[in-house]
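So the structure is just underneath, and the comments pick up after that.
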Amino acid sequence: MMRLLTGTDNDVADSFEFTPHSVDAFGSTVIVEGCDQHRDISWIHAWTVNSHGIITQVREYFNTSLTVTRFGNSTKPVSVTSLHCPYLWESSLSNRVGKSVPGLVLAI
């Protein structure tokens, strides 16, 4: 996988095309969404970036609908039944792959 992601894999038949559609940042989290149109695959990368701009964590999702939400930093106790976390971002390409895909929530 590393050769594929770094572009050092010379096998064209197995190549995967990473074409970014959108890049959005929420604090230290960067969300990149794109697709490989030849294979009908959508993908999402969620990167955690430190204060020096270095990626310290990568989460990768294929053919998955992702919703990003943020939990508040409130010091008040919150009842789980009254907890409402509005979304910050929703994937838009997962519905283009022409099949049902799983949905996930990423809480940051």
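Annotations for the structure displayed:
- Environment charge of VAL30, counting only residues whose C-beta is closer than 15 Å and scoring Lys/Arg +1, Asp/Glu -1: -1
- Computed 3J(HN,Hα) for segment 20-34, one whole-Hz value per residue from the Karplus formula 6.51 cos²θ - 1.76 cosθ + 1.60 where θ = phi - 60°, is x, 9, 8, 9, 9, 10, 9, x, 8, 9, 10, 10, 10, 10, x, glycine and proline marked x.
- Amide H to amide H distances under 5 Å link ILE41 with ASP36, where only residues 5 or more positions off or on other chains count and H is placed in the peptide plane.
- Residues ASN50 and LYS99, FRET efficiency given R0 of 35 Å [Cβ-Cβ distance, rounded to 0.05]: 0.45
- Net charge of Cβ neighbours under 15 Å - reference VAL49; Lys, Arg +1; Asp, Glu -1: 0
- With 0.36 nm allotted per residue and the present C-alpha distance subtracted, the TYR87-VAL30 stretch has 19.0 nm of extension available.
Quick note: the coordinates plus some simple rules give every number you see, no bench work behind them. The shown structure was predicted, so the numbers you read here are calculated from the model rather than taken from an experiment. Here the Cβ is made from the backbone with ideal geometry for all residues, glycine too, and neighbour counts use every protein chain on show.
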